[in-house]
Amino acid sequence: METVALLPNLCMVRFPRAQVYLWHEAASLTLIDTGMAGSARSIADAIRRIGRQPEEVTRVVVTHAHPDHVGSVAEIAEWNGAEVCAHRLDAPVVRGDLPMPPPVLTDHDRPLYGSLVASAGIGPSAPAAVDRELEDGDVLDFGGGAQVIWGPGHTAGSIGIYLPKHGVLFTGDTAANVDANVMLGVFNQDRPKAIESFHRLAELDVDTACFGHGDAIVGGAAARMQAAVGLVRD
Ligand SMILES: [Zn+2]
Ligand SMILES: [Zn+2]
């Protein structure tokens, strides 16, 4: 696990197969995604390393309900009852009431997915309560007003989180940054919808892009996203 400071209020906690973002401001700490099950202790360590306490986490926002993003929600909610926020369509999966529909794999996805499943990299995660079901356009009280951008396709309830005041976007897995190439995320349930959602995210005025997987882009992220979205083929 490593912690990467991205902006004065933002750091990334990086695990081998997942990454978690921490937005920290005087009044509150917000986590975007939670990594695989069992990540809570490392996330707590990262929070202490910036001079804050895990109990200060007031909000957890999940970009979608895949286990590498919601795996540690239940553990983190136990720290101090942070409000757990997920889009309405992925909330039942986070709660364990519905199974996550499988992705429709492309030829490109198949070997990667096979190796992940073989190494038990994709497994179920502990069910967790969702306190707030999000809808497109909702605004969350951090980062000067964090907008929920619904972007179905990767999963039905995938969202981006956009902080216009800071030019920051959390893409979830709708986009990824692999070996310095911004690209459509893999393992999508509905690829055409995911492409549409990628377009929507790329239209935002974004300086810093924080991906579900791969390095964040700090500075000029919108141009990189727009160039990448132009290369995606159906
Ligand atoms: Zn995912
Ligand atoms: Zn992921």
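Data overview
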{"read-out": "Matching residues in segment 61-88 - criterion: being over 20 Å from Leu140 (Cβ atoms) and outside any helix (DSSP H, G or I)", "value": "His66, Gly71"}
{"read-out": "In segment 71-88, the residues that are more than 14 Å from ligand 1 (Cβ to nearest atom) and either among the hydrophobic types (A, V, I, L, M, F, W, C) or closer than 15 Å to Ser125 by Cα (or both)", "value": "Ser72, Val73, Ala74, Glu75, Ile76, Ala77, Trp79, Ala82, Val84, Cys85"}
{"read-out": "Enumeration of residues in segment 197-211 that are crowded, with 22+ Cβ neighbours inside 10 Å and under 25 Å from Glu2 (Cα atoms)", "value": "Val206, Ala209, Cys210, Phe211"}
{"read-out": "Cβ-Cβ under 9 Å pairs, at least 6 apart or on other chains, segment 198-212 side under 16 Å from Ala146 (Cα atoms), far side within 16 Å of ligand 2 (Cβ to nearest atom) and assigned to a helix (DSSP H, G or I)", "value": "Ala209/Leu201"}
{"read-out": "Filtered residues of segment 24-83 (kept if among the small types (Gly, Ala, Ser), within 16 Å of ligand 2 (Cβ to nearest atom) and closer than 21 Å to Val168 by Cα)", "value": "Gly35"}
{"read-out": "Residue match in segment 185-192 (condition: under 16 Å from Val61 (Cβ atoms), under 14 Å from the mean Cα position of the chain (by Cα) and surrounded by 21 or more Cβ atoms within 10 Å (Cβ to Cβ))", "value": "no"}
{"read-out": "Condition met for Gly137 (assigned to a loop (DSSP other than H, G, I, E, B), in contact with a Leu (Cβ under 9 Å, 6 or more places away or on another chain) and over 22 Å from Met36 (Cα atoms))", "value": "no"}
{"read-out": "Identity of the residue in segment 136-179, among the aromatic types (Phe, Trp, Tyr) and away from ligand 2 (no atom under 16 Å from the Cβ), that ends up surrounded by the fewest Cβ atoms within 10 Å (Cβ to Cβ)", "value": "Trp150"}
{"read-out": "Pair list, Cβ under 8 Å, 6 or more apart: segment 47-70 residue over 22 Å from Val130 (Cα atoms) and away from ligand 1 (no atom under 16 Å from the Cβ), other residue of a type in the set (D, E, K, R) and assigned to a helix (DSSP H, G or I)", "value": "Ile47/Glu56"}
{"read-out": "Checking Asp234 against (1) in a helix (DSSP H, G or I); (2) over 14 Å from the mean Cα position of the chain (by Cα), the condition it does not meet", "value": "(1)"}
{"read-out": "Matching residues, segment 88-116, being away from ligand 2 (no atom under 15 Å from the Cβ) and either under 18 Å from Arg132 (Cα atoms) or buried (at least 24 other Cβ atoms within 10 Å of the Cβ) (or both)", "value": "Arg88, Leu89, Ala91, Pro92, Arg95, Gly96, Asp97, Leu98"}
{"read-out": "Unmet requirement for Gly214, which otherwise passes all of (1) surrounded by 15 or more Cβ atoms within 10 Å (Cβ to Cβ); (2) more than 16 Å from ligand 2 (Cβ to nearest atom)", "value": "(2)"}
{"read-out": "Criterion violated by Asp68 - all others in (1) in contact with a Ser or Thr (Cβ under 7 Å, 6 or more places away or on another chain); (2) under 18 Å from Met100 (Cβ atoms) satisfied", "value": "(1)"}
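Taken together, the values in this text are just the output of simple stated rules run on the coordinates, not laboratory data. Predicted, not measured: the structure shown is a model, and the values here were computed from it. With ideal geometry, Cβ positions are generated from the backbone for all residues, glycine too; neighbour counts draw on all protein chains shown.
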